[in-house]
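The values are calculated or read from the model by the stated rules, or taken from the named source; none is laboratory data. Since the structure is predicted, the reported quantities are computational estimates derived from the model, not experimental observations. Cβ atoms come from the backbone with ideal geometry, glycine included; neighbour counts cover every protein chain shown. Just the protein is used for accessible areas: all its heavy atoms, side chains included, with ligands, DNA and RNA removed. Shrake-Rupley method; radii C 1.70, N 1.55, O 1.52, S 1.80 Å.
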Amino acid sequence: MGDIVYTGCQALALKSLPGWENVEINTDGSECEVGSADRALTTSRRWTEHRNATTGKWIVPYYFADGYEDLNYDGHTGTVSMQGIRDHVAHFEELTCIQMKEITSDEFDTYTNRIRVFWDFGQSSNCASYVGRVFNGDQTMWMRPDCYTWNGGTTTNHEFMHALGFKHEHVRPDRDDHVVIHASVASNGNYVKM
């Protein structure tokens, strides 16, 4: 599922669903404790610990991993990427009830659950996120320095929406009521319904 990363338990639970048996699933490599897989797809937590008293918006804290500003990928620098991500997040905030708040390490005590924007040259995921808040503490979102430029800049918000809990629309159980999926061009299990 390309830009979605699943925990070991989520992957195990998905593999038990009809149609998912042979689908390649992008996982974080974590192991699943016995008895945890049956709850894995329903236990993502929400980002509802903090609310802006003035605007009423739910605050989702994020920060850039140490050294992100020094990254360089194909001429795209981390510093420029950081500003691009900030700009796209600001646009997202205008349209939603969510405030994506960039925090500093001084605020880690206030916001104990947060998104860590990160990328490593050795990883396979260029732009990816978990679906929902699946961890307490830091939750990684992988953003290669050029991600903010993809699809007119919408990839940034797409990944933040995954972190909020949104899945791809084309895997909705009712999607066949609205669109036709042509199996000859649908590849890699990206179109298996949830």
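Dividing the radius of gyration of the alpha carbons in the chain by their Kirkwood radius gives 0.97 for Rg/Rh. With both residues required to sit in the chain, DSSP beta bridges show an antiparallel share near 30%. Where is the GNM fluctuation largest for the chain (alpha-carbon springs, 10 angstrom cutoff): Phe135, Phe92, Phe121? Among Phe135, Phe92, Phe121, the largest mean-square fluctuation in the Gaussian network model of the chain belongs to Phe121. For the peptides 154-163, 45-54, 10-19, the ranking by packing is 154-163, 10-19, 45-54, with the highest mean count of neighbouring Cβ atoms within 10 Å listed first. Lacking any other cysteine beta-carbon closer than 4.7 Å, the following Cys residues of the chain have no compatible partner: Cys97. For the residues Gly67, Gly132, Gly78, a GNM of the chain with alpha-carbon springs under 10 Å puts the largest fluctuation on Gly67. Once both labels are positioned 7 Å from their Cα atoms along Cα-to-Cβ, the gap between Arg172 and Leu17 label points is 1.4 nm. Per the Kirkwood formula applied to alpha carbons, the range 88-143 shows a radius of gyration over Rh ratio, Rg over Rh, of 0.99.
So what is the accessible area of the chain per residue, in Å², with the probe set to 1.4 Å? Could you put the intermediate results ahead of the total?
On the way: 10490 Å² over 194 residues.
Ligands and nucleic acids excluded, the result is 54 Å² per residue.
For the range 47-194, the fraction of 1.4 Å probe accessible surface lying on carbon and sulfur atoms is 50 percent.
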